[in-house]
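Report on the following structure.
The values are calculated or read from the model by the stated rules, or taken from the named source; none is laboratory data. This one's a predicted model, so the numbers in the text were calculated from it and none came from an experiment. Positions of Cβ are generated from backbone atoms using ideal geometry, with glycine treated the same way; all protein chains shown enter the neighbour counts.
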Amino acid sequence: MTDISKNAGSTNAPGTAVGEPVLGRPAGGGEAFLDVRDLKVHFPTDDGLVKSVDGLSFQLERGKTLGIVGESGSGKSVTSLGIMGLHTAGQYGKRKARISGEIWLNGTELLSADPDHVRKLRGRDMAMIFQDPLSALHPYYTIGQQIVEAYRIHHDVDKKTAKRRAVEMLDRVGIPQPDKRVDSYPHEFSGGMRQRAMIAMSLVNNPELLIADEPTTALDVTVQAQILDLIRDLQKEFGSAVIVITHDLGVVAELADDILVMYGGRCVERGPAEKVFYEPRHPYTWGLLGSMPRLDREQQERLVPVKGSPPSLINLPSGCAFNPRCPYADIPKDDVTRTVRPELTEVGSRHWAACHMSQEQRERIWTEEIAPKL
Amino acid sequence: MLAYLIRRLIAAAVMLVVIIVVVFGIFFLIPKWAGIDPAANFVGKQADPAAIEAVRQKLGLAEPIHSQVWEFFKGIFAGRTYVGGGDVTNCAAPCFGYSFRTEQEIFPVLMDRFPVTLALALGAALLWLLLGVSAGVLSALKRGSIWDRGAMVIALGGVSLPIYFTGMVAAAIFIYGLGWIDGQFVPLEESFTGWLGGLILPWITLAFLYAAMYARITRATMLEVLGEDYIRTARAKGLAEKTVIGKHAMRSAMTPVLTMLGMDIGALIGGAILTETTFNLPGLGQAVLQAIRTQDLPVILGVVLITSIAVIVANLVVDVLYSAIDPRVRLA
Amino acid sequence: MSENRENRTGPVGSGETADGEILLKVTGLQKHFPIRSGLLKRQTGAVRAVDGLDFEVRRGETLGVVGESGCGKSTMGRLITRLLEPTGGTVEFEGKDITHLGVGGMRPLRRDVQMIFQDPYSSLNPRHTIGTIVGAPFKLQGVTPEGGVKKEVQRLLEVVGLNPEHYNRYPHEFSGGQRQRIGIARALALKPKLVVADEPVSALDVSIQAQVVNLLDDLQQELGLTYVIIAHDLSVVRHVSDRIAVMYLGKIVELADRNSLYRSPMHPYTKALMSAVPIPDPSRKSAKSERILLQGDVPSPIAPPSGCRFHTRCWKATEVCRTTEPPLLELRPGQRVACHHPENFEDQAPQDTVLLSGAKEAAELVPDAVLEESTSAAVVAERESGTEPGQDEGPDADPDEGSEGSAGGSEGSGEGSGEAVTKE
């Protein structure tokens, strides 16, 4: 666990890495419940290879929440679909996505496992909540029918029992009159209620891993507060491991124990939430923090945005993918930012960042230049 | 739901009245423009003016148009009595009038022919649904594959080749070449196998054309549906792919197909003129063709009305089915 | 966003708020969208999207408008730019009544009032070059700028931070942030006096949002623009606005200068809205007690609650809130509030000492600290009376409560029925 960079790109073949203590995967039901190693998801297109996720590694323990933060096209959603085995879904006839690396879920490596076995884990051991609950629920089936279906895939029970379970779950997520609303269609629910129903559906089988992809982005702020509260409570109750994917630093700060910042399909910084917010060690993280107006501070004179636009995933800038937008790209010597891709290095306890600047340089820039402006 | 249905029913009834009036009006005007005297037409060649005048009186052709429309309209719902030339003719309730040519009551004649056309339309529809939808779904699932391209080329052929061509080729092969069937239409009451034998080629021919269209539309909607978020949700639940496709995707993809089906069957019930002619089937299509050749206006009028009713009814059925499939429609 | 905002600290005196000349004045503005249903599709009701707004916008200032979906803020934007015809009320621009001007009458005004839309993808015609798009207003108005259209368009592109050489490119060749810049350039072409921006940054990535916010800020300073910025994001609105209007169900519930609003919000809804914003500070995670959670969703604008529209979700609601609509009053200089029991201010209806039963349930989701600060007589009475709920309800309160419940106003059924009809 101490040298994360070593593991990146080194051991891809399934099986060879098992039991290597260096990589820190504890044998059988240990603390790293989810262990993703050097995950790559590439999509061949006519324009070239889209490297949506390009070498991502992280671990997640039971009962903990990991927040994955990034802008559109950073690869955060593809990561979650890759873990669920849904990255190729809907890709009929297109050139198939390529996925490599290892995803260990509770001792099972998912990428080399039998697809039918992985299918049975979906919805039972790992479940997902999507951004827009209106389009994520089938418009022709009632909420109840959809939850009942989710339950009966993995439990051999009759419809009546399953429906009782559905009502129970709807009640648990705070839907009033659940015994009546269970027969409503998604379009008869408000946005917030739909997302509650979606959460009820994803938790109906007590999954050990819950992935929430922008769970509140489509919701109003007061409803968002309710949903965040609900997710937090449910996690406490169910003890699931949760991955929250969002572009909103406020949302991760609310929920996450650990934060992983993605840029151009790679992790640029990862660490405990407090570290990433109070002692960020990557210029992109600084940029994100400087970009958002904050209600909890006195009025900022001016926002400090990141210049330029997010990169194309087909043609990532060479060296550090962030270098064309980085105000400090010229600090490291020999143009190394434009030629060598920085690996994640440990910058503190359980805190990694991928930057060519020295630790001291970054510490100085953060404390002297960035932090005072936030 | 009930209000929705009632509104649709009322709309259908209004539509029907409008069609009757408009169609009758057109058929009243055509002879005028074309310089044909319907009465003379009715009596036939070498008629003496007195006979023509008698017919004109009896059919009420001398009346102003609005009363003629009203009489015709009334005849459909209440029956009609023709008085003139010394005798009285009773035409029972759905009275479409009398043929100029055969002097037979039109409605019973058309009703004799109706089952043939209905059998042709429904049988072909079943066939093209099976063929078209399954080909479309497979094409969508294997987009870009040889199967997909092949199926779409065949579909393009199906859409572009006219019925009389495919029909003739089919007849040449199966009737004259291989001699598997004799190609003569036999009423269902006489022999089931004979009936089947007489309809099988028209079914296949007609289905080929429509299956091609249905395959293309199914493929397109299926591809769209497969990209929907709720399909991803279905997979995320751990559903097997066949359930995802067969249950979740199919239900959504079938709605536009259903809409098309209603209109197509409705239109075909009015007579598949080309198919019926090609295979010499005694259906409505043949009747209308004959009527057009002989300027038998009341028969044409009758067939047009039956077609309109069939289309309206089929659409109504589709609307009801649609609201059963898509719960969001019920609120409309 | 105007230059003098640094001076505006603390509660703003009337002297300061009256500094600008009034550019836009809106009185009693209404927009009802008819609902037709039944057999004959007769009008059976109306979505009261905007239901009586009064405000003014002064030259050179930025008025921010916040609210949740369905509060009518976007409709309001379309009404003041006259993209929609108001059902009632008046809109005055530079002292001229423009409420019912026809297409011809609006033409000169179209130069002075411009709109920026949320979605930079769908608001630009994909078949036109950006030169054509940005130059279109000149053609429509029949104006030839000094030095020709092309030169002026290139200047505008430069102003908004785009490369003037890209004159001949098509919208798809630009990123989301750049497209929003194109939209801004188009809006600025005719040197408008008022720019109405509807969610100008909400479709953009965080880092790009900040670029566009800064751009709007710079443009205002350089060109002396007046903005009405409509957004759901409270932090963005606070950053860009001088004054802020908070909308709820077609009404303005609070209208105040930025600092007063954020430092001491007076309407309970404003307070709840602000407390709901997730703060990017992980240390607050444990201190989540500051948050006021509102129950359920916003009720339907088809049948808005009687009296104060917020009373079904408010933890301070009393009988007067249910029966009497509070007027928007300037309780403090520069801070107008429509509330009978405002926060951070003396109770406007101290005679009402009994909370509605819905309010008692709502109060359970409100942090104690908030309740303790409350000046409302009813909340104070409730706190002092202890925990027994039925006790302090007056004998005549029960029938009222019953009728409220049947009207869909009380918590449980109110939430349920609101759910069923609320549509995005």
The condition of being surrounded by 15 or more Cβ atoms within 10 Å (Cβ to Cβ), touching a Pro at 6+ places or on another chain (Cβ under 7 Å) and outside any helix (DSSP H, G or I) holds, among C:Leu162, C:Leu124, C:Leu157, only for C:Leu124
Which residue pairs have Cβ atoms closer than 8 Å, lie 6 or more positions apart in sequence or on different chains, and pair a first residue in the range C:140-155 that is farther than 17 Å from C:Gln114 by Cβ with a second residue that is among the acidic types (Asp, Glu)?
C:Glu146/C:Glu152
Does A:Ala256 satisfy the criteria of being within 8 Å of chain C (Cβ to nearest Cβ) and either touching an Asp or Glu at 6+ places or on another chain (Cβ under 8 Å) or within 17 Å of A:Trp352 (Cβ to Cβ) (or both)?
yes
Going through C:Arg243, C:Arg309, C:Arg258 one at a time, which residue ends up being more than 12 Å from chain A (Cβ to nearest Cβ), under 15 Å from the mean Cα position of the chain (by Cα) and either buried (at least 24 other Cβ atoms within 10 Å of the Cβ) or more than 21 Å from C:Ser357 (Cα to Cα) (or both)?
C:Arg243
Unique residue being without any contact (Cβ under 8 Å) to a residue 12 or more places away in the chain and assigned by TED's automatic domain parsing to the domain that holds C:Ser123 when the list is C:Ala197, C:Ala231, C:Ala245, C:Ala210:
C:Ala210
In the range A:197-233, residue nearest to the other protein chains (Cβ to nearest Cβ) [restricted to those that are within 12 Å of A:Thr65 (Cα to Cα) and part of a helix (DSSP H, G or I)]
A:Arg232
Hand me the list of strands (runs of 3 or more DSSP E) wholly inside the range C:194-295 holding 2 or more residues that are farther than 25 Å from C:His311 by Cα and modelled with pLDDT of 90 or more.
C:194-198, C:226-231
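Okay, residues lined up against (1) modelled with pLDDT under 75; (2) assigned to a loop (DSSP other than H, G, I, E, B); (3) farther than 12 Å from B:Val21 by Cα:
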site: B:Ala40; (1), (2), (3): yes, no, yes
site: B:Lys58; (1), (2), (3): yes, no, yes
site: B:Glu71; (1), (2), (3): no, no, no
site: B:Lys74; (1), (2), (3): no, no, no
site: B:Phe77; (1), (2), (3): no, no, yes
In the range B:236-253, how many are within 7 Å of chain A (Cβ to nearest Cβ), surrounded by fewer than 24 Cβ atoms within 10 Å (Cβ to Cβ) and assigned to a helix (DSSP H, G or I)?
2
Per the filter on the range B:214-231, residues in contact with a Gly (Cβ under 7 Å, 6 or more places away or on another chain), facing another protein chain (nearest Cβ under 7 Å) and assigned to a helix (DSSP H, G or I) are B:Leu226, B:Ile231
Among residues belonging to the range A:150-181 that are outside any helix (DSSP H, G or I) and more than 12 Å from chain C (Cβ to nearest Cβ), point out the one that is nearest to A:Ile83 (Cα to Cα).
A:His155
Return a yes/no flag: does the range B:181-203 have any residue that is more than 22 Å from the chain's Cα centre (by Cα) and within 14 Å of another protein chain (Cβ to nearest Cβ).
no
Taking the range A:182-196 and the residues there that are farther than 18 Å from C:Val298 by Cα and of a type outside the set (Asp, Glu), the one that is farthest from the other protein chains (Cβ to nearest Cβ) would be A:Val182
Can you tell me how many residues within the range C:50-74 are without any contact (Cβ under 8 Å) to a residue 60 or more places away in the chain and buried (at least 19 other Cβ atoms within 10 Å of the Cβ)?
0
Checking A:Val261 against (1) among the hydrophobic types (A, V, I, L, M, F, W, C); (2) under 30 Å from A:Asp47 (Cβ atoms); (3) surrounded by fewer than 16 Cβ atoms within 10 Å (Cβ to Cβ), which single condition isn't satisfied?
(3)
Answer from C:Cys308, C:Cys314 - the residue that is free of Cβ contacts under 8 Å to residues at least 40 places away in the same chain and not assigned by TED's automatic domain parsing to the domain that holds C:Lys73
C:Cys308
